[in-house]
1. Scan the range 110-129 for residues that are closer than 18 Å to V316 by Cβ and outside any helix (DSSP H, G or I) and report the count.
2. Which one of these is under 30 Å from V175 (Cβ atoms) and touching a strand residue (DSSP E or B) at 6+ places or on another chain (Cβ under 8 Å): P88, P72, P122?
3. E137 - would you say it is under 20 Å from T16 (Cβ atoms), open to solvent by 60 Å² or more (accessible area, probe 1.4 Å) and part of a loop (DSSP other than H, G, I, E, B)?
4. What is the one condition in (1) open to solvent by less than 60 Å² (accessible area, probe 1.4 Å); (2) part of a helix (DSSP H, G or I) that P72 does not satisfy?
5. List the pairs whose first member sits in the range 225-243 and is under 9 Å from M213 (Cβ atoms), whose second member is more than 16 Å from the ligand (Cβ to nearest atom) and not in a loop (DSSP other than H, G, I, E, B), and whose Cβ atoms are under 7 Å apart, counting only residues at least 6 apart or on separate chains?
6. Is it the case, given these coordinates, that A55 is within 30 Å of M153 (Cα to Cα) and at pLDDT 95 or above?
7. Looking at the range 37-51, which of its residues are in a loop (DSSP other than H, G, I, E, B) and farther than 18 Å from D10 by Cα?
8. Would you point out which residue out of L321, L305, L294, L283 is within 16 Å of the ligand (Cβ to nearest atom) and either on the phi > 0 side of the Ramachandran plot or not polar (S, T, N, Q) (or both)?
Amino acid sequence: MIRLRHHAIDLQLRHTFRLARGDSDSRRILVVEIEHDGLIGNGEAAPIARYGQDAASAARAAEAMVAQIDDPRAFESAAARAAVAGEPAAEAAVDMALRDLAGKRLGAPLYELMGIDPSSMPVTSFTIGMDTPEVVEEKVREAAGFEVLKVKMGSEDDRRLLETVRSVTDCPVRVDANEGWALEDALAHLEWLQELGVELVEQPLPADQHAEMCELKRQSPLPLFADESVARAEDIPRLAEAFDGINIKLMKCGGLGEALRMIHVARAHGLKIMLGCMVESSLAITAAAHIAPLVDYADLDGNLLITNDPFIGAEVSEGKLVLPSEPGLGVRDRR
Ligand code: MG
């Protein structure tokens, strides 16, 4: 007998999120609990509005999925086989909960179950959203414990924003344009971004501009990473000519199983790998952290951008996520 419970939670953002696509103060996530044989596995969906998902659609999808799962122990295929099209966040939540259950049943943390070495964790970046120079300066000072910053761009103030960041810190900076530039802007921006010591640039052009992206890659002095251009493993082969790396997110791809497939496919195509996130609680961030030792760059700070995290899981120490050693995800309720 397999049972599902779920509830939505509004995660409150520490700072209003100003992205190229618009502002926001909170994000609604869905927490799922899958009960089987007296154990409970937890999962989280952070639905992506850009793709027409919300907590209600994720809840319906999770119900439909769990109704189709006969054997929750077969987590490697169960969530993927029952997946509801267009609801990868729900798929990620169910996949996560099944893996949490498996770890609890076998008494092993998830990373151990998957044969992953927790000591080879990459440093994780901390996101600085677009804002006035004064607020950006304050945010960079708040991020003093992090060794790498990720700066969100895509406005007319981009250069001033990065110069403000550079006036406070000389740590490595990654830039995320969130599809905010056109080819000519991007070519011009990449020059001064390199001069200001930027390490890599994420999604400079809109996701549908593949030919322009190929041209940009030919001329770019900096490595270019796909985010909005990539969701699942099947997207990766054609991206190898347009990007140097990909950003894998559980909420885009449908969970840890698909994320592992993406890691293998990206490696086979010579692409670098970043593991990213949406605004998420420590539940989903910790799930991603369990596979983070397999990637080159971690950008798992979604739980640090909120003020009401309902969970305790992986925590940042000296810029790196430290995994909990309890069975399964190792995440517990904050209450
Ligand atoms: Mg991005």
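1. So the first thing to find is which residues in the range 110-129 are closer than 18 Å to V316 by Cβ, and the list is 111, 118-128.
Then drop every residue that is not outside any helix (DSSP H, G or I), which leaves 121-128.
Selection size over the range 110-129: 8.
2. On the way: P88 fails: touching a strand residue (DSSP E or B) at 6+ places or on another chain (Cβ under 8 Å); P72 fails: under 30 Å from V175 (Cβ atoms).
Exactly one of P88, P72, P122 is under 30 Å from V175 (Cβ atoms) and touching a strand residue (DSSP E or B) at 6+ places or on another chain (Cβ under 8 Å), namely P122.
3. no
4. With (1) open to solvent by less than 60 Å² (accessible area, probe 1.4 Å); (2) part of a helix (DSSP H, G or I) applied to P72, the lone miss is (2).
5. From residues that are under 9 Å from M213 (Cβ atoms), the pairs are E241/C214; A242/H210; A242/C214; A242/K217; F243/K217.
6. Numbers: within 30 Å of M153 (Cα to Cα): yes; at pLDDT 95 or above: yes.
In short, yes.
7. Filtering the range 37-51 for residues in a loop (DSSP other than H, G, I, E, B) gives 37-38, 46-48.
Of everything in the range 37-51, those that are in a loop (DSSP other than H, G, I, E, B) and farther than 18 Å from D10 by Cα turn out to be D37, G38.
8. Working: L321 fails: within 16 Å of the ligand (Cβ to nearest atom); L294 fails: within 16 Å of the ligand (Cβ to nearest atom); L283 fails: within 16 Å of the ligand (Cβ to nearest atom).
The match here is L305.
The values are calculated or read from the model by the stated rules, or taken from the named source; none is laboratory data. Just so we're clear, the structure is a prediction, and the values are computed from it rather than from any experiment. Reconstructed Cβ throughout: ideal geometry from the backbone, glycine too, with neighbour counts over all protein chains shown. Heads up: the accessible areas ignore ligands, DNA and RNA and are worked out on the full protein's heavy atoms, side chains in. Shrake-Rupley method; radii C 1.70, N 1.55, O 1.52, S 1.80 Å.
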